[in-house]
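Remarks on the structure that follows.
The values are calculated or read from the model by the stated rules, or taken from the named source; none is laboratory data. Please read all numbers here as calculations on a predicted model, not as lab measurements. All Cβ positions, even for glycine, are placed from backbone atoms using ideal geometry, and neighbour counts span all protein chains on display. The accessibility values were calculated without ligands, DNA or RNA, using every heavy atom of the protein model including side chains. Shrake-Rupley method; radii C 1.70, N 1.55, O 1.52, S 1.80 Å.
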Amino acid sequence: MRNLLLFVIIACLIASPAEQVIAIEEPVPPSIELRILETTDLHSYMMDYDYRNNKETVEFGFARTASVIKEARKEAKNVLLFDNGDLIQGSALAELASKTYQFDQSFIHPAFKALNRLQYDGATLGNHEFNFGLDFLQTSLRGADFPYVNANIYVEDHNLHAFDDINYFNPYMILDKRFTDTMGVEQNVKVGVIGLITPIAAKWDEEHFKGKIKIKSMVSTLKHFIPIMKSEGADIIIVLAHAGLAADEGVVNKSENSVMALTEVEGIDAILYGHSHSLFPNDDYFLQQQFINIEKGTIRSIPLVQAGYWGNHLGIIDLSIRKVNDKWKVVDSRSEVRSIYKKSGKDEKVPVVQPDEEIIDALRNDHSNTLEYVKNNKE
Ligand SMILES: [Zn+2]
């Protein structure tokens, strides 16, 4: 045993200089740490204010989410930020916007006044985006400083053929990004981003959809577009899905229209989702299923995140990407949801960040107009 140990030590000493030379000559494959941030279901709760109960709150409001976004950005070299929809409807701030936009030539939806300060990379639409009609939606979207994608809403062409169907929105985008790898070298990565919505939206807002637009299955839409995105050079594919983990009641083709079903489609690297106001990863009992890894926040090895509602959480997916055979490949991931408050003592909620001053400033007028609007509507 002793002799063997001695032999191993000598062998190592002899071998090590040569090995070192080889190690220097061999190129290290570059690897990138990419952080993806998600807000979802903000429902125009932009301020740290509860309009229904007429008081300040620490439990929701994008003003605090913005502070968490800024902190999360500081911790990483490469960051992308997306919103997952249900943005322009919900709070009294949004209600007032829907009633006044036609009379305001320079209208910018207050939700965009806030989000535009955070340099979003893109967003997708939620079902509530359609609540006030297509005119309000289109007018509002013009105020966004970042691109919107949705791949499964189509123009209603009154026939059953698929070949002549035309997307109502831009279905996907391929972002040409320059990321810094772990050795400090800049690398070009093409990030494909595609948006999807739960088909129930067409039923819930039938008056705004009927005869104008239609929604197709999420799974078949993905299967159609992912190969196209890959052929256009997308190195990684991020799906923004405004749909819950389980499909909505009353959706045709239920099996094709849940986030769960999306994880079975080839070629996806990350899924950001929303709509059901839940958190993922969390430790809810119903999520303890075989193919869900709650520790890492994956389903069938695909990283997912869902960031609650009204800005109460920020969703984060950290991806490790490595160049394998000249192609970028996601080799590891970790998902988390970060709350804007923490619980202390008996049900007391304590803020973990202060509201972001930039957001408060951007919405000063809209907020005071909303307070006035709420007051007048109560009387
Ligand atoms: Zn929704």
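The table that follows gives values for the structure above.
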{"item": "Average Cα contact separation per residue, the chain, under 8 Å, 6 or more apart, as relative contact order %", "result": "21 percent"}
{"item": "Cα Rg, Dmax (largest Cα-Cα span) when computed across the stretch 213-363, Å", "result": "17.7, 55"}
{"item": "Rg/Rh (Cα only; Kirkwood hydrodynamic radius) as it applies to the chain", "result": "1.06"}
{"item": "Inter-label distance, nm, simple model (7 Å from Cα along the C-beta direction), residue 343/residue 161", "result": "5.8 nm"}
{"item": "Gain on full stretching of the segment that runs from residue 107 to residue 75 - 0.36 nm per residue minus C-alpha separation", "result": "8.0 nm"}
{"item": "The stretch 144-272, accessible surface, carbon-and-sulfur percent (1.4 angstrom probe)", "result": "52 percent"}
{"item": "For the stretch 146-154, Karplus couplings with θ = phi - 60° (6.51, -1.76, 1.60), whole Hz, Gly/Pro x", "result": "9, x, 9, 10, 8, 9, 10, 9, 10"}
{"item": "Accessible area of the stretch 36-112 belonging to carbon and sulfur atoms, whole % at 1.4 Å probe", "result": "44 percent"}
{"item": "The stretch 329-369: GluC sites (Glu not before Pro) in DSSP loop, at most 10 other beta carbons within 10 Å", "result": "none"}
{"item": "Mean accessible surface per residue for the stretch 146-302, computed with a 1.4 Å probe while every protein chain stays in place, in Å²", "result": "47 Å²"}
{"item": "Of all DSSP beta bridges in the chain, antiparallel share, percent nearest 5", "result": "65 percent"}
{"item": "Protection proxy ranking, peptides 245-256, 105-116, 75-86, average beta carbon neighbours within 10 Å, highest first", "result": "75-86, 105-116, 245-256"}
{"item": "Packing rank of 156-167, 180-191, where each peptide gets the mean count of other beta carbons within 10 Å, highest leading", "result": "180-191, 156-167"}
{"item": "Protein accessible area in the stretch 292-379, 1.4 Å probe - carbon and sulfur %", "result": "42 percent"}
{"item": "The stretch 65-137 - accessible surface per residue (Å², probe 1.4 Å)", "result": "35 Å²"}
{"item": "Sorted peptide list for 294-300, 214-220, 35-41, 49-55, criterion being average Cβ within 10 angstrom, highest first", "result": "35-41, 214-220, 294-300, 49-55"}
